[in-house]
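*Asks:* The structure's right below; bear with me while I get my questions together.
The values are calculated or read from the model by the stated rules, or taken from the named source; none is laboratory data. Just so it is clear, the model here is predicted, and its values are computed rather than measured. Glycine gets a Cβ as well: all are built from the backbone with ideal geometry, and neighbour counts include every protein chain shown. Please note that ligands, DNA and RNA were not included when accessible areas were found on the heavy atoms of the full protein model with its side chains. Shrake-Rupley method; radii C 1.70, N 1.55, O 1.52, S 1.80 Å.
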Amino acid sequence: MYPSELMYHKEHEWVRVDGDVATIGITHFAQDQLGEVVYVDLPSDGDSVTADETFGEIESVKSVSELYAPVSGEIVEVNSALDDASETVNEDPYGEGWMIKVKMSDSSELDALMSAGDYEASLSE
Amino acid sequence: MIPDVKGNGLKMTENLRRTPLYEEHLALGARMVPFAGYEMPVQYAGIIEEHNAVRSFAGVFDVCHMAEFRVFGFGAFDFLQRVLTNDLRRISELGTAQYTLLCDEDAGIIDDLIVYHTGDLEYLIIANAANHTTDLDWLTSHAPEGVTVSGSGPTSEMSPEGTVELVDESERTAMIALQGPRALSIVQELAGTGFEVPDRFTITEAVLDTVPALVARTGYTGEDGVEILTHVSMIAGIWRSILSFPEVAPCGLGARDTLRLEMGYPLHGSDMDRGVDPISAGLGWAVGRDKGPFVGSEAIARLREEGPARRLVGLQVDAGIPRAGYPLLREGEEVGKVASGTYSPTLQTGIATAYVPASLAEPGTEFEVVIRKKTAMATVVKPPFVKDTSLSAVKA
């Protein structure tokens, strides 16, 4: 449910780090709570995001939620496949359901994120 | 990203009531939410999956939270004819039913109801759960002259001529809805060979897999199907029998809302309330024209003559999902707000209802709808949004 190689933000986003690029998506818990995702509103390539601030929105039939950036930086790629297949977020939240890739401006921000174990523990609090 | 969700489930406020199917919902893995004072399933497998099951096969809904009132006695007809908007003479035949409204003197809609003519001197009313107490109080205090209303339960003797008794049956009555193109064949199988499926908008007795019940051919999804009433102690048996058919999906309030909105069926509390009259709400067809005076009749007649200032319209949206309260703009000016809005699983677009100035209610009229930081185009369409269903086939 919560891959150990990822880092987790308290607003239920995950981060996969590859060099100075962070791939960001939402967790299994988040997609499960939302229900079937019908719309994902993401920023564009070149936009910048700031840690702990919103970068987009995700909607299910019943609700709208904001997406929070776990780290700051410049967006280098957006998963445009989600425009026509938003259900991928439910089906494969850690794989094909990723949302944005960010070139990190301050990798020390990663220190504020949670491990899989800490994140999972936070869910049952 | 989900600020109101904590831990493993939604936080429930205290003192919520449970329907007799509560344990069934938990066993089926339902997500429970507070609704109209009850803890109700919002979804099981998922809203879209449940929605599609009802449109293509069949789905079953717990609607035990709804209120049931029984009105009986020699004065029952006169009383209901005077306090409800529709013409009760249209359901003079035993077993027939009608959609009707409870209005105040200013034509404000207190609730919308289904009335079934269940006996020679008897009517069964199904009301919205959220309006349970309001309706009961209103009915009790608006008995016309010469009629007494007793809310205290059935008496052993038939009341003398000119009186009527109003009994709140909600505590002991359970109701579920089985809806979808396969619904009728399932009821037929459960009821056995002697049973004849009732006509649309009629109610009949049946024994469903040994359980005595009332079966009404009504619903709130736009599909053909039935609503089943029985004693609270026996509903779980019927629920399980229905779910033993592999094509039936248990469905929650989420799918109930998307299904009804695709048909343009109004929801009391969203599409109309005390501040709205039947003519503005497009429900003039549920108001009798020559039935004589009834509560609200003068105000409604005036609205019919003068025409309402605003009308409820259906809107199809080209991008994003409109939700209740989002502003509608026309040349930059706000002219209304979304009443009900959702994602339509069938059309895969956003759909909504809204009150707009009567001059802007024609199909094809375009608005901008403000969806948080963006705007989308909203075009007036005549509901239903989804035209071809098993019910439209019956009506045709």
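*Asks:* Filter segment B:32-90 down to the residues that are within 18 Å of residue B:131 (Cβ to Cβ) and assigned to a helix (DSSP H, G or I) and list them by number.
*Replies:* Across segment B:32-90, the qualifying residues are B:80, B:83.
*Asks:* Can I ask one more? Of the conditions (1) small (Gly, Ala, Ser); (2) within 12 Å of the chain's Cα centre (by Cα); (3) under 15 Å from residue B:201 (Cβ atoms), residue B:97 clears all except one; give me its number.
*Replies:* Among (1) small (Gly, Ala, Ser); (2) within 12 Å of the chain's Cα centre (by Cα); (3) under 15 Å from residue B:201 (Cβ atoms), the lone unmet condition for residue B:97 is (2).
*Asks:* Which condition number in (1) modelled with pLDDT under 95; (2) closer than 14 Å to residue A:14 by Cβ is the one that residue A:63 fails?
*Replies:* (2)
*Asks:* Select from segment A:1-26 the residues that are touching a strand residue (DSSP E or B) at 6+ places or on another chain (Cβ under 8 Å), farther than 21 Å from residue A:123 by Cβ and surrounded by fewer than 20 Cβ atoms within 10 Å (Cβ to Cβ) and write down the one among them that is nearest to the other protein chains (Cβ to nearest Cβ).
*Replies:* A:23
*Asks:* Can you find, within segment B:278-289, the residue that is surrounded by the most Cβ atoms within 10 Å (Cβ to Cβ) among those that are within 11 Å of residue B:355 (Cβ to Cβ) and in contact (Cβ under 8 Å) with a residue 60 or more places away in the chain?
*Replies:* Once the filter is applied, the top-ranked residue is B:281.
*Asks:* In the list B:346, B:342, B:353, which residue meets the criterion of being open to solvent by less than 30 Å² (accessible area, probe 1.4 Å), in contact (Cβ under 8 Å) with a residue 24 or more places away in the chain, among the hydroxyl-bearing types (Ser, Thr, Tyr) and touching a Lys or Arg at 6+ places or on another chain (Cβ under 8 Å)?
*Replies:* Step by step, each of B:346, B:342, B:353 is checked, and only B:342 is open to solvent by less than 30 Å² (accessible area, probe 1.4 Å), in contact (Cβ under 8 Å) with a residue 24 or more places away in the chain, among the hydroxyl-bearing types (Ser, Thr, Tyr) and touching a Lys or Arg at 6+ places or on another chain (Cβ under 8 Å).
*Asks:* Inspect segment B:11-25 for any residue being under 20 Å from residue A:31 (Cα atoms), free of Cβ contacts under 8 Å to residues at least 12 places away in the same chain and surrounded by fewer than 22 Cβ atoms within 10 Å (Cβ to Cβ) and give the result as yes or no.
*Replies:* yes
*Asks:* Separate question: Could you please let me know if residue B:196 is touching a Lys or Arg at 6+ places or on another chain (Cβ under 6 Å) and either without any contact (Cβ under 8 Å) to a residue 24 or more places away in the chain or among the acidic types (Asp, Glu) (or both)?
*Replies:* no
*Asks:* For segment B:27-43, give me the residue count where each residue is at negative phi and out of contact with any Lys or Arg (no Cβ under 8 Å at 6 or more places or on another chain).
*Replies:* 9
*Asks:* If you don't mind, another one. Looking at residue B:241 and the list (1) free of Cβ contacts under 8 Å to residues at least 40 places away in the same chain; (2) in contact with a strand residue (DSSP E or B) (Cβ under 8 Å, 6 or more places away or on another chain), which single condition is not satisfied?
*Replies:* (1)
*Asks:* Which members of segment B:337-396 meet the condition of being assigned to a strand (DSSP E or B), under 17 Å from residue B:262 (Cβ atoms) and more than 14 Å from chain A (Cβ to nearest Cβ)?
*Replies:* The answer is B:339, B:353, B:354, B:378, B:379, B:380, B:381.
*Asks:* Related question: Select from segment B:41-58 the residues that are surrounded by fewer than 23 Cβ atoms within 10 Å (Cβ to Cβ), polar (S, T, N, Q) and within 11 Å of chain A (Cβ to nearest Cβ) and list them in ascending order.
*Replies:* B:52
*Asks:* Of the residues B:311, B:323, which is touching a strand residue (DSSP E or B) at 6+ places or on another chain (Cβ under 6 Å) and open to solvent by 10 Å² or more (accessible area, probe 1.4 Å)?
*Replies:* B:323
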